[in-house]
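Below you'll find the structure, written out as structure tokens, and then a few comments.
Read the figures in this text as sums done on the coordinates, not as results from a lab. This structure is a prediction, so every number in the text was calculated from the model and none was measured. Positions of Cβ are backbone-derived with ideal geometry, glycine not excepted, and every protein chain shown enters the neighbour counts.
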Amino acid sequence: MSHSLNEIEAQAKRAARGAGLPWGMAEEAARATRWLASHDLAGPALLADVLTQNDGVAHAQVAPAALDGVWRAPSGPLCPLAGGAALNDCADRLTANKSIEMADVSFPLLVLPFAAWAALHIKQPVRLTWQDVEIDTDGVGIWVRDPHSEINTDKTAMLICQKTETRQEPASRPGLRGTVASDIWARLDNFAKRTYAPATDASRLLGAGAGTSDND
Amino acid sequence: MKLQTETSQGVSKRAPEKVMRLSRLGSFHQSRLSFMRILTRRMTRENWTFSRPVFAFDEKGVGHAVYCAHTPDRTYSLIAFGHDLPADQRSDRVIAERWDSTFTLFDGVPDASDIARLEQNIPLQEAGRVTEKELSVSRANRSVRLWDHVVSHLAAGTQPDPEAIAKVGYLMRTTAVYGSGKLGAADREMIADRPECAAPFQIEMLSVFLTRTYVRDLVQHVADQKGGDKAVKLNADIARSMGIGNSTGLGMAPFLVNHPMLFNNWVAAREEAIATVRNLAIATSEEAAAFRDLLDRSIVSADLWHSAHPIQIDKLVQLRVDLTKLAAHVAQADLQAAQPWDRLFSWAESALGEDAQECLASLMLEPYGALVDHLADQMSDRDRHAFRIDGAMRVAELRAILERAYGWALDIDWAEKEQCARAWYVSAEKLEPRLGERFEEPIAAYEQPLAPGRDAAALYAALQDEDGAAPLATFLLAHPEHRHSVRRAQVVNRAPYAEIRDNTIGSDLLPIDMLRCKLSFFGATHFDPRSDRWVRICMFGNAPYPEELQAMKDDSWSYPPSARDLS
């Protein structure tokens with residue numbers, strides 16, 4: 001179904017929060033999902049996948065153990081949202097011709113929006129590489145090379161982010177709507193529902209503070 | 001003399017510590033920079049024209065209408081559906097499922113297939129679905145008493161009683177106006193580049209402006225059907241005195257907290273305007289006269305402002321006393337020489353309550369459209385970089401920001417029950433935002449991030465043992481739970497009016513302060529709280545109708561005609 005990008009972002013934020021992400025992380029996960037959806041990429045589906053995979057797992061288990069060398073989780077796969085947020089936090093490192101490398105990353109496409117924001121910050125395009133996938137972004141547009149359809153892969157042994165040259169050929173530009181299949185929306189909704197307090201008579205009456213008749 | 005010149009340039013914007021307290025924000029008044037007035041000025045300046053290609057209703061007001069607003073470049077159409085609503089289903093709450101009228105603002109002119117599609121969806125509101133051709137979705141309920149009063153008078157061939165009208169102020173009140181992508185509608189980004197959408201909420205305001213015309217036409221239609229040959233046309237002055245009501249609960253309050261950069265831009269624009277006027281060395285006699293005229297009309301407006309709520313009754317008593325005091329002071333003050341507005345405002349700060357101070361602040365801008373109206377262009381949020389956390393910032397710098405911007409919160413003992421007695425949450429019922437008692441209801445697990453002060457204090461405490469020279473990236477890796485507050489602190493560092501500098505979860509919180517602040521920027525008047533968290537207001541009261549816009553000499557319509565003009 002066609003959705004507004006605001007709807008996608010709002011739903012993604014509630015879902016990420018419902019899956020246990022702290023609010024600030026949920027906000028960034030939601031922006032990332034919106035960004036990917038605006039490029040007609042599988043942001044909502046991959047978000048549902050990573051939230052499912054890490055449901056109930058502590059952030060420290062799936063975040064980089066340290067921010068030097070190759071970033072990796074203490075054990076098991078690295079969460080692309082935790083890795084992406086740290087990448088954007090450390091964006092200035094990319095200006096010094098240093099790359100940021102992450103090992104055992106799940107759903108690596110979810111790192112792309114964070115790399116895009118890093119590109120906006122350093123005012124230079126960056127390149128994200130995993131398996132045979134190579135995506136350049138200047139923060140807004142993208143150039144995708146994906147000869148073996150690995151863009152939506154659930155795991156990569158290595159992901160590299162580095163600054164790159166400005167491309168001459170036209171970029172793929174973001175749109176202003178997103179398409180989310182109803183089953184994906186429902187999966188996000190199941191996480192989102194965890195953030196809603198069950199309605200009680202007391203909250204129905206007092207919580208919104210109306211209480212009086214509107215027939216006047 | 002030199003000293004005086006320097007002083008005259010020296011009044012800066014008021015400090016955020018002063019402006020961003022809830023009691024002051026809850027005392028704001030509409031001004032030249034209110035979104036309704038920005039819209040009516042543009043409609044007049046650009047000679048917008050209006051048409052009503054469809055108006056088809058039965059004797060009960062069931063049917064639909066289309067109202068078109070033609071700008072120089074494009075057309076927007078309000079599609080209005082009238083329904084027959086049983087009284088037991090009339091509720092202003094978000095959890096309502098039926099309404100007297102439902103609306104959408106359509107981008108362009110709808111064809112028959114658009115109308116057919118929207119007829120299936122708009123009456124359902126949240127349970128329906130719209131597309132990027134729709135820019136807003138809204139609904140309204142009748143003020144039953146006034147509706148019946150006006151219909152029966154007009155049908156019987158007499159005009160309604162102006163006092164009965166003044167008591168309510170509107171025939172219908174909207175209970176939600178959704179824009180910005182809600183329910184599948186177009187995102188703001190789709191239209192943000194259009195000049196008429198540059199200022200905030202212009203689409204929503206246009207929708208309400210056209211809704212007011214629809215309501216006037218519908219009440220006439222129903223009266224004509226009822227009275228037949230005996231029915232008379234509603235007097236134009238009485239019609240103009242009526243606005244559109246709005247009934248608003250907590251849903252609006254989180255908006256100010258959730259859009260810190262946007263909120264900053266609203267307040268900063270108004271503060272910039274106030275400082276600009278305070279820095280004027282002199283005022284002309286015309287400017288002083290314009291101010292005096294609108295002060296008179298503000299006094300009329302305060303007299304017409306009714307509320308049954310104890311808090312508002314007290315505020316109104318104080319406001320009326322203060323405005324009388326202000327009028328007496330102005331009558332003998334020299335408003336033309338020696339930085340008159342700064343002298344007047346400084347006097348008001350020592351002599352009047354916050355409500356009258358803010359009323360004066362807005363009034364002082366009125367003679368100076370040429371100096372302040374352009375600030376409307378700065379009220380939207382176009383800063384796409386604000387969301388990014390600067391992970392290279394040092395811990396010590398963030399600490400200093402927190403001390404500057406959240407000093408008030410660092411002094412609070414957040415472990416005390418009364419400081420965190422409330423929690424904001426979202427109910428499973430139609431996702432209605434609610435406010436509950438943290439220690440009495442099982443809601444803490446569902447708490448929304450709407451307590452920036454408490455969260456900033458927790459961040460500050462967590463930073464105490466960190467190395468001041470370390471980058472935030474390292475801290476945030478270990479403490480992702482503080483990303484939200486770090487982002488806010490970095491925003492407020494650049495945008496000093498971004499944050500309410502008060503406790504938003506304390507036992508003495510009055511959410512109506514947040515509602516009034518936001519609604520005053522819309523241009524609302526006559527705030528009438530129904531409880532500490534629910535308010536009714538009036539929009540576009542005394543505004544010109546579409547066919548009257550070109551005759552508008554200035555845009556002071558938000559002040560009712562003075563007692564002199566009425567007599």
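About the centre of its Cα atoms, segment A:120-187 shows a dipole size close to 280 debye [charges on the beta carbon of Lys, Arg (+1) and Asp, Glu (-1) only; nearest 20 debye]. Over chain B, Cα pairs under 8 Å with separation of 6+ residues give a relative contact order of 22 percent. Counting Cα-Cα pairs of segment A:70-128 in 10 Å increments starting at 0 gives whole-percent bin shares of 25, 56, 18, 1. What the Kirkwood sum gives for the protein assembly as shown is a hydrodynamic radius of 28.0 Å, with every pair of different alpha carbons counted.
Computed on the Cα atoms alone, the convex hull of segment A:1-136 gives a volume of 107 cubic angstrom per residue.
In this simple spin-label model, placing a label point 7 Å from the Cα along the Cα-to-Cβ direction at both B:GLN464 and B:ARG52 gives a separation of 6.7 nm.
Determine the sum of side-chain charges near B:PRO449: Lys and Arg each +1, Asp and Glu each -1, restricted to other residues whose C-beta is under 11 angstrom from that of B:PRO449. Spelling it out: positives minus negatives among the neighbours equals +2. By the count of neighbouring beta-carbon atoms within 10 Å, fewest first, B:TYR170, B:TYR460 end up ordered B:TYR460, B:TYR170. Rounded to the nearest whole Hz, the Karplus-based 3J(HN,Hα) values (6.51 cos²θ - 1.76 cosθ + 1.60, θ = phi - 60°) of segment A:142-154 follow the sequence 9, 10, 10, 10, 9, x, 10, 6, 10, 5, 9, 4, 7, with x at glycine and proline. Extension gain, B:GLU17 to B:MET552, is 188.7 nm, computed as 0.36 nm per intervening residue step minus the present C-alpha separation. Count Lys and Arg as plus one, Asp and Glu as minus one, and take only other residues whose Cβ is under 14 Å from that of A:ASP104; the net charge is then 0. For the peptide A:82-89, the mean number of other protein chain Cβ atoms found within 10 angstrom of a residue's Cβ is 5.
Between the exposed loop cleavage positions of chain A, defined as GluC sites (Glu not before Pro) in a non-H, G, I, E, B DSSP state with at most 15 neighbouring beta-carbon atoms within 10 angstrom, the longest gap is A:1-149. Against chain B, whose longest principal axis is taken from its Cα atoms, helix B:310-332 shows a tilt of about 90°.
Note on B:CYS359, B:CYS68, B:CYS197: ascending count of other Cβ atoms within 10 Å places them as B:CYS197, B:CYS68, B:CYS359, the fewest first.
Report the local net charge at A:ALA30: Lys and Arg +1, Asp and Glu -1, summed over other residues whose C-beta lies under 10 Å from its C-beta. Overall, the nearby charge balance is +2.
Restricting the calculation to alpha carbons of chain B gives Rg and Dmax of 24.5, 85 angstrom.
Computed from Cα atoms, the angle from the helix A:80-89 axis to the main principal axis of chain A rounds to 70 degrees. Could you tell me which of rounded, prolate or oblate describes segment B:209-348, using a ≥ b ≥ c as the square roots of the eigenvalues of the alpha-carbon gyration tensor, with rounded for a/c under 1.5 and, failing that, prolate when a/b is larger than b/c and oblate otherwise? Prolate shape, in that a/c is at least 1.5 and a/b is the bigger ratio. Since only B:VAL395, B:LEU410, B:HIS149 are under comparison, the one whose Cα sits farthest along the positive direction of the charge dipole of the protein assembly as shown, derived from C-beta charges on Lys, Arg, Asp and Glu, is B:HIS149. For segment B:431-523, the set of GluC sites (Glu not before Pro) satisfying both a DSSP loop assignment and a count of at most 14 other C-beta atoms within 10 Å is given as B:GLU440. Shielding by partners for peptide B:248-257, expressed as the average number of C-beta atoms from other protein chains within 10 Å of each residue's C-beta, is 1. Take each peptide in A:46-52, A:64-70, count the other Cβ atoms within 10 Å of every residue, and average; sorted highest first, the result is A:46-52, A:64-70. The angle between the Cα long axis of helix B:112-121 and the main principal axis of chain B comes to about 60°, on a 0 to 90 degree scale. Loop-resident trypsin sites (Lys or Arg not before Pro) (DSSP state other than H, G, I, E or B) in segment B:7-72 with no more than 14 further Cβ atoms inside 10 Å of their Cβ: B:LYS60. Of all the options A:HIS59, A:HIS148, A:HIS121, the one that moves most in a Gaussian network model of chain A with Cα springs shorter than 10 angstrom is A:HIS148. How big, in percent, is the set of alpha carbon pairs in segment B:35-249 lying more than 32 Å apart? Within segment B:35-249, distances greater than 32 Å cover 15 percent of Cα pairs. For the residues of B:378-391, the average number of beta carbons from a partner chain within 10 Å of their own beta carbon is 3. Averaging the Cα positions of each part gives two centres, and for segment B:267-319 and segment A:1-30 these lie 42 Å apart. Which entries in A:LYS13/A:LYS163; B:LYS315/B:LYS553; B:LYS60/B:LYS233; B:LYS18/B:LYS430; A:LYS123/B:LYS13; B:LYS182/B:LYS518 show an alpha-carbon gap greater than 26 Å? Correct reply: A:LYS13/A:LYS163; B:LYS315/B:LYS553; B:LYS18/B:LYS430; A:LYS123/B:LYS13.
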